[in-house]
Amino acid sequence: MARVPLEITRRTLLKSGLAAGVAGAMATTAGATRSPAHADIRDDRWFDDGDVETTYNACDMCPWHCGVVVRTVNGVVRKIDGNPHDPKSRGKLCPRGQGGVSFMYDPDRLQAPMVRTGERGEGKFQEVDWEFALDLIADRLNTIKERSGPEAVAFFGHTAGDSWFAEHLPQAWGTPNAAKPSTSLCISPRDEASLMTFGFPVGGHEPLDWEQLECVALIGSHIGEDARNTVMQDFASLHGRGGTIISVDPRFSSAATKADHWLPIKPSTDTALLLAWLHVLITEELYDVEYVEEWAAGFSQLAAHVEDKTPEWASEITDLSPEQIRKTARAMGEHAPKSVIMPGRHVTWYGNDTQRMRAVMLVNAILGAYGREGGMYFNDTPFISDFPYPPYAIAGSAGGCAADPDDGDDDDDELGELAVGPTGKARADGAQDTFLQGPTAMQELIEPMITGDPYRIEALICYGVNLLHSVPLPERTKEALAELELFVAVDVLPQEHLAWADIILPEATYLERYDDLYTMSHRTPYIALREPAVEPAHDTKPGWWIAKELGERIGLEAFFGWEDIEEYLDDRLRSVGSNINDLRAQNGVIIQEGKPFLEDYEGASPFPTSSGKIELYSTFLEAQGLDPLPEYEPVEDPPEGYFRLLYGRHPVHTFAKTQNTPELYELFPENELWLNADAAADLGIDDGDYVTLTNQDGASDGPIKVKATQRIRRDAVFMAHGHGHTSPGLTNANGKGASDTKLMTRYNLDPICGAAGMRVNFVRLESSEA
């Protein structure tokens with residue numbers, strides 16, 4: 001179906017183009033808040049210029065959402081510090097968090113609503129006012145709903161305000177096609193494995209009892225690089241007091257440099273190692289016998305399953321020695337139950353990831369770790385009432401990295417249950433057809449936009465998701481965006497995918513807005529406040545305001561039955577005897593008591609499985625014709641002359657969001673390609689040379705600087721995710737480094753949870769100029 005440009009009937013301000021000169025549209029408007037020079041922001045002498053105003057917030061520079069204290073002078077934010085009363089930040093912040101001020105004052109920010117005037121991808125836009133933009137969106141959405149049903153509209157959301165756009169709006173509207181990249185492109189295998197084993201997902205905060213922990217195993221968890229503030233503090237404390245650290249990683253990462261044992265495993269073979277660990281723990285009786293007898297079901301089947309999974313068997317697969325495998329298994333058993341494999345976060349690797357994460361859960365289970373001091377505690381969600389809405393039209397299915405157990409949402413996270421839209425259409429992502437269950441798989445909603453199978457998705461509302469740096473097969477995503485009848489992007493910066501939008505809505509940053517309360521599942525569950533430190537710059541609006549104004553235009557007034565966000569927050573806080581002013585007086589945090597350990601349940605089972613026990617052997621998977629216990633499944637090796645493409649994080653950047661932030665850009669302007677030094681020598685490549693990467697399907701990107709090092713295996717290369725931007729509107733980030741996503745032209749679909757295993761791409765290197 002041919003798509004025509006939207007017609008502009010009310011013109012305001014200036015004409016601009018994202019693909020050609022977008023910076024002109026983003027220039028600071030008259031009277032807008034300007035940032036002092038970066039050096040001035042960091043200069044304490046600015047505090048002498050006026051009274052210091054203190055506000056409380058939850059950092060949005062990464063999904064960890066540490067509590068922060070914001071100090072403002074004369075309407076300009078001067079300093080962000082960790083909130084000492086917040087259970088996550090504990091008064092400290094990582095580099096990303098400290099970059100929040102620079103993010104807010106980025107001169108490249110979007111400034112006003114814009115409507116497309118050219119072809120999709122050209123980036124030609126006209127600034128309009130909010131009323132015109134919202135009326136236009138509402139008219140298109142209502143037309144699509146009347147013609148094709150609410151399911152024809154998809155909602156994507158990420159970052160702090162995604163609860164409005166990936167949960168509240170789509171559930172009220174009635175579409176099952178709401179998704180977050182934090183599920184099928186990140187944590188779904190981990191949480192589905194936990195749900196099948198323990199009866200609940202891991203939740204947003206990995207529940208390790210670090211204070212009493214004695215031994216931790218990290219499988220691809222890059223603590224110190226994936227900068228989770230609390231985890232870095234706890235990891236440093238464990239290391240400082242002499243705790244045992246095991247790092248399983250093809251790369252000698254920052255965490256591995258602190259480890260007692262580094263296991264440079266062959267990529268894709270982790271399940272074999274885990275099965276061999278289970279073999280050693282069981283055959284040498286290093287597991288917690290009493291705990292397993294009381295709290296686990298299916299142990300005899302597990303023991304029989306791993307009887308032949310010896311370290312010698314695993315050694316042939318993993319490139320690790322039998323001695324390494326035995327020694328590390330014994331180290332874990334020696335410290336049980338104060339011994340844990342950290343569940344990790346980004347675990348969508350090879351397409352068999354739910355079974356790998358099931359193996360992780362089984363090791364933790366027989367170590368007796370869950371519900372034990374020094375092991376893993378039970379995350380509890382704080383008590384607070386929801387605002388009184390009418391019943392939603394559909395149960396939620398977006399999930400997310402904060403989809404904690406017993407969070408009161410209507411997510412269809414029960415085993416085997418999936419939502420169906422008001423017109424009888426199920427999710428368009430192939431759930432219960434190409435995969436079994438789990439939150440909506442974002443990458444699987446792209447194809448229906450192109451083919452109309454099982455039905456056409458005609459419109460997309462995209463909040464805070466950098467589509468071309470998040471979803472694999474980015475050229476397919478562009479094709480899909482070109483087919484949409486309506487594409488609305490809500491964002492802060494002029495990211496690449498905005499050039500394909502029909503309408504762009506500029507959001508205020510987290511330091512300029514209220515958001516819903518943060519209800520953090522934790523050992524001590526707590527409620528945290530986000531409030532504005534300054535007024536929104538330019539003509540930007542908070543996400544809640546955008547959602548409310550749009551909702552009222554598409555017939556959802558009953559789901560926004562409050563005048564403003566303060567009324568909404570006060571209504572929720574009344575259920576815990578508080579209000580916004582009281583919450584401020586409590587340093588922005590209300591902390592409640594949890595039930596972290598088994599003894600808190602007084603003999604009752606804390607495991608809400610069908611058996612009331614930890615289910616080592618999954619009868620649910622067996623009934624679906626899937627393996628009830630994890631099996632090692634080999635994946636394709638790199639072809640001759642190619643390396644497996646591995647990717648991860650860098651401590652100063654989050655996803656593809658912060659590369660343009662001035663202060664963070666100064667610290668790390670471009671990513672590097674880790675390449676084994678011997679392999680580099682064979683290729684005639686020196687440390688610091690620039691190369692272009694070409695994958696197995698001919699997709700290429702670069703140039704990227706080589707980091708030639710012995711800290712990575714010969715069969716793989718590694719790069720930090722989120723670089724390689726190509727938007728001229730991003731003054732700093734444009735053209736810096738290479739994009740891992742552009743090289744992801746294949747993925748393996750997890751048959752259980754629908755996650756995209758993306759470490760199945762291979763690259764070759766060619767010399768290039770910087």
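The values are calculated or read from the model by the stated rules, or taken from the named source; none is laboratory data. Every value quoted in this text rests on a predicted model; they were computed, and no experiment measured them. Every residue, glycine among them, receives a Cβ derived from its backbone with ideal geometry; neighbour counts consider all protein chains shown. Areas reflect the complete protein model, heavy atoms only, side chains present, ligands, DNA and RNA absent. Shrake-Rupley method; radii C 1.70, N 1.55, O 1.52, S 1.80 Å.
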task: Work out, step by step, the length gained on full extension between Glu535 and Trp562: first 0.36 nm times the residue separation, then minus their alpha carbon distance; give nm to one decimal.
output: 7.6 nm
statement: Residue-ordered couplings for segment 517-525, obtained by feeding phi - 60° into the Karplus form 6.51 cos²θ - 1.76 cosθ + 1.60 and rounding to whole Hz (Gly and Pro as x), are 5, 8, 9, 8, 6, 6, 4, 10, x
- request: Using only Cα atoms, locate the centre of segment 743-760 and the centre of segment 202-227, then give the distance between them in Å, rounded to an integer.
  value: 24
task: List every residue whose amide H lies under 5 Å from the amide H of Leu673, counting only residues 5 or more places away in sequence or on a different chain, with H placed 1.01 Å from N in the peptide plane.
output: Lys705, Val706, Lys707
Residues with amide H under 5 Å from that of Ser768, placed H, sequence gap 5 or more: Tyr690, Val691, Thr692
message: List the lysines whose Cα sits under 17 Å from the Cα of Lys478, skipping any in the same chain fewer than 8 residues away.
response: Lys124, Lys742
Reachable aspartates and glutamates from Lys327, criterion Cα separation under 19 angstrom, eight or more residues apart if same chain: Glu214, Asp249, Asp260, Asp270, Glu284, Glu285, Asp288, Glu307, Asp308, Glu312, Glu316, Asp319
query: Tell me, what ³J(HN,Hα) does each residue in segment 346-355 have, in order and in whole Hz, if you take phi through Karplus 6.51 cos²θ - 1.76 cosθ + 1.60 with θ = phi - 60° and put x for Gly and Pro?
result: 6, 10, 8, 10, 10, x, 10, 6, 5, 5
query: What ranking, highest mean first, results for peptides 573-582, 654-663, 685-694, 510-519 when packing means the other Cβ atoms within 10 Å averaged over each residue?
result: 654-663, 510-519, 685-694, 573-582
Per-selection metrics, segment 643-768 (Cα): Rg and Dmax in Å: 14.6, 43
statement: In the neighbourhood of Leu505 defined by beta carbon distances under 14 Å, the net charge of the other residues (Lys, Arg +1; Asp, Glu -1) is -2
- request: May I ask you to order 332-341, 460-469 by the average number of other C-beta atoms within 10 Å around their residues, highest value first?
  value: 460-469, 332-341
statement: Net charge near Asn732 (other residues with Cβ under 15 Å of its Cβ; Lys, Arg +1; Asp, Glu -1) is -3
- prompt: Among Ala272, Pro311, Ala716, whose Cα sits farthest toward the positive end of the charge dipole of the chain (+1 at Cβ of Lys/Arg, -1 at Cβ of Asp/Glu, about the Cα centre)?
  reply: Ala716
For the chain, calculated [θ]222 nm from helices alone, where every DSSP H run of n ≥ 4 adds -39500 (n - 2.57): -7000 deg cm²/dmol
task: Find the centroid of the Cα atoms in segment 264-321 and in segment 97-154, then give the distance between the two in whole Å.
output: 51
- request: Taking amide H positions as placed in the peptide plane 1.01 Å from N, state which residues far from Asn761 in sequence (5 or more) or on other chains have amide H under 5 Å from it.
  value: Leu645
- prompt: Whole-Hz Karplus ³J(HN,Hα) for segment 145-159, in order, using 6.51 cos²θ - 1.76 cosθ + 1.60 and θ = phi - 60°, x for Gly and Pro?
  reply: 5, 5, 7, 10, x, x, 5, 6, 10, 10, 10, 10, x, 7, 6
Solvent exposure of segment 205-377 as accessible area per residue, Å², 1.4 Å probe: 30
field: Between segment 650-695 and segment 343-365, the Cα center-to-center distance that results, in Å
entry: 28
field: Modelled FRET efficiency - R0 51 Å, Gln586 with Thr257, Cβ distances, 0.05 increments
entry: 0.80
message: Within 15 Å, Cβ to Cβ, of Gly702, how many net charges do the neighbouring residues add up to if Lys/Arg are +1 and Asp/Glu are -1?
response: -2
query: In degrees, nearest 10, range 0 to 90: what is the angle between the Cα axis of helix 543-553 and the longest Cα principal axis of the chain?
result: 60
- line: As straight-line cross-link partners of Lys613, the qualifying lysines (C-alpha separation under 19 Å, not fewer than 8 residues apart within one chain) are Lys595
- prompt: If you count, for each residue, the other Cβ atoms within 10 Å and average over each peptide, how do 64-71, 87-94 line up from highest to lowest?
  reply: 64-71, 87-94
- prompt: Using Cα pairs under 8 angstrom and six or more residues apart, how large is the relative contact order of the chain, in percent?
  reply: 19
